[in-house]
Amino acid sequence: MQNSYPKFSIIIPVFNRERFISRAIESVLNQSFKNYEIIVVDDGSTDNTPYIIKQYPVNIITQKNRGVSAARNRGIKAAKGEIVAFLDSDDEWKKDKLKIQAAFFEKNPQYKIHQTDEIWIREGKFLNKKKIHQKKEGFIFYESLHLCLISPSAVAIKKKLFEEVGFFREDFEVCEDYELWLRITKKYPIGYSPEKLVIKYGGHEDQLSRKYFGMDRWRVKAMLPFCDDPKVLDVALKKCEILVKGAKKHNNFEILKEFEPIYKKLAQKHKSFCAKY
């Protein structure tokens, strides 16, 4: 009996993206690899997004506005495919994205996660990525501490992995992907294909990275569970020190109240490590 389940479950979380959602969905429908399902999770859109997504052959899940992590998690739980692939509603895929990822997993069944390279476009212009943004493969946990080296729109993950490491943290307002990647890269290598198969758009006003300041606040929070590792502790302490100094300079009492106690604890732990070793 032939397996009726799709190979991939494509999860597209969306909130008020009437300008971009058609481009994202159509880039999946145009894939050369066809064994997939599309799950669009509408996170409480109030514009024309609900009307637009109904025009396409996709599975639609609607919920009250709870944020991108809750939307992705809802999609993961509904997914029937062996492999979950995410696509941000303002990005798009080139036609062989799924084909190359399917071939990678077929050839490398021991891998649980894989990503391709991507093209960056900001305000209509191509961006040349700096060397530090170059995607990597293998065990990249320590490199991932400094900045996010995995992109949601470029990644494909075996669904069973979420049962082991957990889902996206819904209490993270931003850097929710960075936090999950740390949990994954701590245990597993990342597969990588250098083809630029994702077009990642930036510069529009509703992006989370533009909405929230002090992104390192969330990166420090993500690192805290791993700070028994001296290498992680060193990075977290430096980022926390910068946060606290900046908060004092700008009289940001909200950040000071939260991070000054964290900084003191990290500094004490660092002192203990130095004394021990």
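The values are calculated or read from the model by the stated rules, or taken from the named source; none is laboratory data. Worth saying up front: this structure is predicted, and the values here are computed from it rather than measured. Cβ placement follows ideal geometry from the backbone for every residue including glycine, while neighbour counts extend to all protein chains displayed. For the accessible areas, the whole protein counts, side chains as well, though only heavy atoms, and no ligand, DNA or RNA atoms are used. Shrake-Rupley method; radii C 1.70, N 1.55, O 1.52, S 1.80 Å.
Couple of notes before you dig in:
- Cβ-Cβ under 6 Å pairs, at least 6 apart or on other chains, region 22-37 side in contact (Cβ under 8 Å) with a residue 40 or more places away in the chain, far side in a helix (DSSP H, G or I) and open to solvent by less than 50 Å² (accessible area, probe 1.4 Å): Q31/L98; F33/L98; F33/A102
- For first residues located in region 239-254 and under 16 Å from K265 (Cβ atoms), partners that are of a type in the set (D, E, K, R) and at pLDDT 95 or above and lie 6+ apart or on another chain with Cβ distances below 8 Å form the pairs K239/R219; V244/E260.
- Residue within region 65-84 that is free of Cβ contacts under 8 Å to residues at least 60 places away in the same chain, surrounded by 14 or more Cβ atoms within 10 Å (Cβ to Cβ) and not small (G, A, S) present: yes
- Within region 163-218, if we keep just the residues that are closer than 27 Å to E26 by Cα, in a strand (DSSP E or B) and within 16 Å of the chain's Cα centre (by Cα), the residue that is modelled with the lowest pLDDT turns out to be G202.
- Selection status of I61, open to solvent by 10 Å² or more (accessible area, probe 1.4 Å), under 21 Å from the mean Cα position of the chain (by Cα), closer than 16 Å to N30 by Cα and of a type in the set (A, V, I, L, M, F, W, C): no
So that you can scan it fast, the table gives a plain yes or no per residue for (1) under 13 Å from the mean Cα position of the chain (by Cα); (2) farther than 24 Å from V58 by Cβ; (3) of a type outside the set (K, R); (4) not in a loop (DSSP other than H, G, I, E, B):
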| residue | (1), (2), (3), (4) |
| --- | --- |
| G75 | no, no, yes, yes |
| K80 | no, no, no, no |
| A85 | yes, no, yes, yes |
| D90 | no, no, yes, no |
| A102 | no, no, yes, yes |
| F105 | no, no, yes, yes |
| P109 | no, yes, yes, no |
| T116 | no, no, yes, yes |
| I121 | no, yes, yes, yes |
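- Inspection of region 124-133 finds no residue satisfying the criterion of being in contact (Cβ under 8 Å) with a residue 40 or more places away in the chain and either part of a helix (DSSP H, G or I) or under 18 Å from the mean Cα position of the chain (by Cα) (or both).
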